[in-house]
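The values are calculated or read from the model by the stated rules, or taken from the named source; none is laboratory data. Owing to the predicted nature of the structure, the values given are computational and were not obtained by experimental measurement. Methodologically, a virtual Cβ is constructed for each residue, glycine included, from the backbone with ideal geometry; neighbour enumeration extends over all protein chains shown.
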Amino acid sequence: MFEILRKSLETGVVTTRYPATPVEVAPNARGRPEIDWAHWLDARPAARVCPTGAIEYADAAGVRTASLDLSKCVFCGLCADVDQAIRMTNQCELASRSRNGLITTARYALNPDGSHAALASGPVAAGVADPGDRPQRGRLQEQEPTTGGTAALDALGAQIRERTARLLGRSLHIREVDAGSCNGCEIEIVGLNNPIYDAERFGIHFVASPRHADLLLVTGPVTRNMELALRKTYDATPEPRLVVAVGACGCSGGMFGVNYATRGAVDAVVPVDVYIPGCPPNPHALLHGILLALDRLPAKR
Amino acid sequence: MTLLPELQPILADLQDSFSGRFTAVQMPRANEVYFHGPMEVVAGFCAQLYRKWDGRLVSLFADDARAGDGVFHLYYVFALDAAHGFFVLRVPVPPDRPEFPSLTDAIHAVNWQEREIQDLFGLKLLGHPNPRRCALHDDWPEVYPLRKDFDLHTVLPPFQGERHKMRTVEGEGVFQVPVGPVHAGIIEPGHFLFSVAGEPVLYLQLRMFYTHKGTEKLFENLPVAHGVRLAESISGDSAFAHATAFCHAVERAAGVEVPPRARALRTICLELERLYNHLGDVGAICTDVAFTTANMHMMRFKERVLRLNERLTGNRLLRGMARLGGVRFDFDAAQRAALVQLLDELAPECESLFELIRESSGLRDRLETTGILKPEVARDLGVVGLAGRASGIDRDLRRDFPHDFYDQVSFTVPVFTEGDVQRRLVVRREEVGQSFAILRQTLAKMPDGPLHVEIGVLPADRVALGYVEGWRGEIFHWIRTAPGGRLARCKIKDPSLQNWPALTEAILGNIIPDFPVVNKSFNLSYSGTDR
């Protein structure tokens, strides 16, 4: 017992202060791909190497419509390998309240050889008023990042606690549903409970039953064999309830798409409030998405 | 191709015994031999390899070759661990008589694999003790998804009706406890039906394949390079091991040699994958018997490895690192230093924590003699990987079929015979130590040179077996190539498929509250099983 205590004291506090402090990711971590839309010479090579169709194009009457869909992206970076106009950033806070909010589209006039002559319009993020290609951000993130410190953390924590307390009776209870994932997303979701990310500091708690849950955290793709179980779990969750789709497969079907055995995205089966891209999203990205979802919960009467 | 010397007497013996009954014997690689023969030789061929040469059937699958050869083919893949080679028996199944005899009565290890062939190819099993559906749930219409005339995008009616007729267990005080597919913890979906008398479990029935996603069919519909990314999604906790097994298969089919530096980098990544999973599992086993402090420390270590993975490869689960012909990213001096630093810091930390775990009598009390998988049962079920090594099965592809850089490093394979949860924990503990040693040796011997070799255009109609000892056990990917750089078939064999039935044996006589820790001690992949 003494050894156990000694080890704990020796270790000290290891918990991150995120979101009061910036995400802790490696500089070479592959997050959101950034396209230099104005100087993009040809969408075809990137589209050819993209394994999930996250980069796509369609040509009609001398005009190419090219798009980047973060809900499909598995962040492999193969596009950046073949195209100098694409760069992998390490931005991982990509959650959006709408699937469209993850899609950016631009139009190009075409040269005879099929390369881009000039940017005709865009880039625009579909469904977002802001013409930038950044996904829509939640109110939590719109605050100026503070210099960190206990005061900022306390302030933010208090704000979240106040909100969750008002809406959900002091805490947010999450039921995780694996509706067909490869278990990669589960590894990172389990990580939310480790002492580094410690979701409990926000009053966020994973529960065993949907009857106790306020939020369903669903990974996909939703298989034919899990469709009914997901529907039943959703129906068993009392209102008000939130659904967060996790990972490329949960957001869009990912590598698997729709086939004889899968229904694809989570929103093909139950309504989704927030989409968290990633393959898998890291615990920062998961926290970001969950906090974004909280912001949207309708107030209790 | 010159065959490995150890395999030559076995080959000669088989040719002697089955003289004239093989229509062809092909040796595409030094450790991979294909025998083409009629269905009648299967039983004798199996018996001879099992009894005389200590062979074991590691994969059994079908392939729809009606377009080219007018028949289905069954492939029986045997590993000859002591001789370091694979013998593959290919037998035809005519489409007008779509049936094949079962071996399950003699070799229990093929039970699920035979039924999967029946479900996915519509080849009827003859003489199987339990020929019910396995891979497809009972409500599935009469479709055979892996036949070539079945389209990947076929739309099936949504689920309705019955998944599986579970057996009832009756008697005074006996009742049944259904669990899943949505579980209480953050784990994958599957259905368990416990039959209990009081607390002890009398009988456990499993219903898997909830996460069946058509993965093998999907491989046939993708360019081969995209297959690497798909292989990363077979089982997320073994993303790199599966992707590497797939790359091995393609590289062997293309006949290219992966450069030494790439082989060393692959070995580093495979060991990092082993590390983060073993550390996480040791912690999770502790949590399941209420020693959460140990788990908190273990999760902290696991997080450190995940962050190092990101620093080295750009992704915490090593995704995106694998590529055909080698690897995508080199490690620069700073990255190698980060790896060394992790080893320097983590090794003593792990040591002191393992000491803490070892000294916890309460923990030992819960783990020792819990969930025993007896060696003879493990052998009958063909249990592989760390679960096998805790039950006396001394096998490890890294030692017996050294792939990548494993022939350049020295390490030991821990083996125990007790087969309880404690030994499955100790195997992990020992393997963590061996991983540290392998990583250090690989770094010290890191060869220079290119990171990959070009595969070129993949020739059509080649077959090849790729294999990797993942952290959980042996992973096989078998491919047959099609024209245009595509695959006609990709058979994935995850160790979980082999080991699930062992769980139903290990839990017998244990109490239900111990099921989580017994289950966790195997930690099998649902997605790897269901595909």
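Would you mind telling me which numbered condition in (1) crowded, with 24+ Cβ neighbours inside 10 Å; (2) within 14 Å of chain B (Cβ to nearest Cβ); (3) more than 14 Å from the chain's Cα centre (by Cα) A:ASP214 fails?
Answer for A:ASP214: the failing condition is (2).
Hey, among the residues in segment B:200-223 that are in contact with a Lys or Arg (Cβ under 7 Å, 6 or more places away or on another chain) and surrounded by fewer than 23 Cβ atoms within 10 Å (Cβ to Cβ), which one's nearest to A:CYS73 (Cα to Cα)?
B:PRO223
Applying the selection to segment B:294-311, what residues are in contact with a Cys (Cβ under 8 Å, 6 or more places away or on another chain) and either of a type in the set (A, V, I, L, M) or modelled with pLDDT under 95 (or both)?
Those that are in contact with a Cys (Cβ under 8 Å, 6 or more places away or on another chain) and either of a type in the set (A, V, I, L, M) or modelled with pLDDT under 95 (or both): B:ALA294, B:ASN295, B:MET298.
Among residues belonging to segment B:216-245 that are hydrophobic (A, V, I, L, M, F, W, C), in a helix (DSSP H, G or I) and facing another protein chain (nearest Cβ under 8 Å), point out the one that is nearest to A:CYS185 (Cα to Cα).
B:ALA239
When you check B:ALA506 against the structure, is it small (Gly, Ala, Ser), within 20 Å of B:ALA231 (Cα to Cα), crowded, with 20+ Cβ neighbours inside 10 Å and in the same structural domain as B:LEU367 (by TED's automatic domain parsing), yes or no?
No: the conditions fail for B:ALA506.
Just need a number here: residues in segment B:128-142 that are surrounded by fewer than 19 Cβ atoms within 10 Å (Cβ to Cβ) and either among the polar types (S, T, N, Q) or free of Cβ contacts under 8 Å to residues at least 24 places away in the same chain (or both).
3
With respect to B:ARG323, determine if the residue is under 30 Å from B:PHE78 (Cα atoms), facing another protein chain (nearest Cβ under 10 Å) and crowded, with 18+ Cβ neighbours inside 10 Å.
yes
What are the residues in segment B:496-518 that are more than 14 Å from every other protein chain (Cβ to nearest Cβ), under 25 Å from B:GLU116 (Cβ atoms) and of a type outside the set (A, V, I, L, M), if any?
B:GLN498, B:ASN499, B:TRP500, B:PRO501, B:THR504, B:GLU505
Among the residues in segment B:259-273, are any within 14 Å of chain A (Cβ to nearest Cβ) and assigned to a helix (DSSP H, G or I)?
So far as segment B:259-273 goes, yes, one or more of its residues are within 14 Å of chain A (Cβ to nearest Cβ) and assigned to a helix (DSSP H, G or I).
Looking only at segment A:32-50, filter to residues that are in contact with a helix residue (DSSP H, G or I) (Cβ under 7 Å, 6 or more places away or on another chain) and of a type in the set (A, V, I, L, M, F, W, C); which one of those is nearest to A:ALA106 (Cα to Cα)?
The extreme case among them is A:ALA46.
Confirm whether B:VAL182 is surrounded by 20 or more Cβ atoms within 10 Å (Cβ to Cβ) and part of a strand (DSSP E or B).
Spelling it out, it is not the case that B:VAL182 is surrounded by 20 or more Cβ atoms within 10 Å (Cβ to Cβ) and part of a strand (DSSP E or B).
Considering each of B:LEU397, B:LEU451 in turn, give the residue that is in the same structural domain as B:PHE515 (by TED's automatic domain parsing) and either of a type in the set (D, E, K, R) or in contact with a helix residue (DSSP H, G or I) (Cβ under 6 Å, 6 or more places away or on another chain) (or both).
B:LEU451
Kindly list the number of the only condition in (1) closer than 30 Å to A:LEU242 by Cβ; (2) within 11 Å of another protein chain (Cβ to nearest Cβ); (3) modelled with pLDDT of 95 or more that fails for A:GLU24.
(3)
Being closer than 21 Å to B:GLY326 by Cβ and either buried (at least 17 other Cβ atoms within 10 Å of the Cβ) or outside the structural domain of B:VAL383 (by TED's automatic domain parsing) (or both) is the filter here; which residues of segment B:414-445 pass it?
Hits for segment B:414-445 are B:ILE438, B:LEU439, B:GLN441, B:THR442.
Against the conditions (1) within 13 Å of chain B (Cβ to nearest Cβ); (2) more than 12 Å from the chain's Cα centre (by Cα), where does A:HIS284 fall short? Just the number, please.
(2)
What residue, among those in segment B:381-420 that are within 17 Å of the chain's Cα centre (by Cα) and among the charged types (D, E, K, R), is nearest to B:ALA245 (Cα to Cα)?
Ranking the qualifying residues of segment B:381-420, first place goes to B:ARG398.
Under 6 Å between Cβ atoms, which residue pairs at least 6 apart in sequence (or on different chains) link something in segment A:93-119 that is touching a residue at least 12 places away in the same chain (Cβ under 8 Å) with a partner that is β-branched (Val, Ile, Thr) and surrounded by 23 or more Cβ atoms within 10 Å (Cβ to Cβ)?
Short answer, once both residue conditions are applied: A:ALA95/A:VAL274; A:ALA95/A:ILE276; A:ARG97/A:VAL274.
What are the residues in segment A:60-76 that are part of a loop (DSSP other than H, G, I, E, B) and surrounded by fewer than 16 Cβ atoms within 10 Å (Cβ to Cβ), if any?
Within segment A:60-76, A:ALA61, A:GLY62 qualify.
Considering only residues that are in contact (Cβ under 8 Å) with a residue 60 or more places away in the chain and either at the interface with chain A (Cβ under 7 Å from one of its Cβ atoms) or acidic (Asp, Glu) (or both), which ones fall in segment B:309-319?
Selection gives B:LEU317, B:ARG319.
Residues checked against (1) at pLDDT 95 or above; (2) more than 30 Å from A:ARG201 (Cβ to Cβ):
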position	(1), (2)
A:LYS7	no, no
A:ARG30	yes, no
A:ALA54	yes, yes
A:LEU78	yes, yes
A:ALA95	no, no
A:ASP113	no, yes
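Where residues in segment B:13-54 are in contact (Cβ under 8 Å) with a residue 60 or more places away in the chain and aliphatic (A, V, I, L, M), which of them is nearest to B:VAL91 (Cα to Cα)?
So the residue we want is B:MET39.
If the requirement is being within 10 Å of chain B (Cβ to nearest Cβ) and assigned to a helix (DSSP H, G or I), which of these qualifies: A:GLU186, A:GLU200?
The conditions single out A:GLU186.
Which strands (runs of 3 or more DSSP E) sit wholly inside segment B:61-170 and have at least 3 residues that are within 25 Å of the chain's Cα centre (by Cα) and either more than 14 Å from chain A (Cβ to nearest Cβ) or closer than 24 Å to B:VAL377 by Cα (or both)?
Per the criteria, B:71-80, B:85-93.
Which members of segment A:232-241 meet the condition of being within 24 Å of A:PRO277 (Cβ to Cβ) and either crowded, with 24+ Cβ neighbours inside 10 Å or within 10 Å of another protein chain (Cβ to nearest Cβ) (or both)?
A:THR233
Look through segment B:388-413, keep the residues that are of a type in the set (Ser, Thr, Tyr) and part of a loop (DSSP other than H, G, I, E, B), and return whichever of them is surrounded by the most Cβ atoms within 10 Å (Cβ to Cβ).
B:SER391
Among all residue pairs at least 6 apart or on different chains, which show Cβ distances below 7 Å where the first residue, located in segment A:32-55, is under 19 Å from B:ARG323 (Cβ atoms) and within 14 Å of chain B (Cβ to nearest Cβ) and the second is buried (at least 23 other Cβ atoms within 10 Å of the Cβ) and small (Gly, Ala, Ser)?
Final answer for the pair search is A:THR52/A:ALA248; A:THR52/A:GLY254; A:ILE55/A:ALA43; A:ILE55/A:ALA46.
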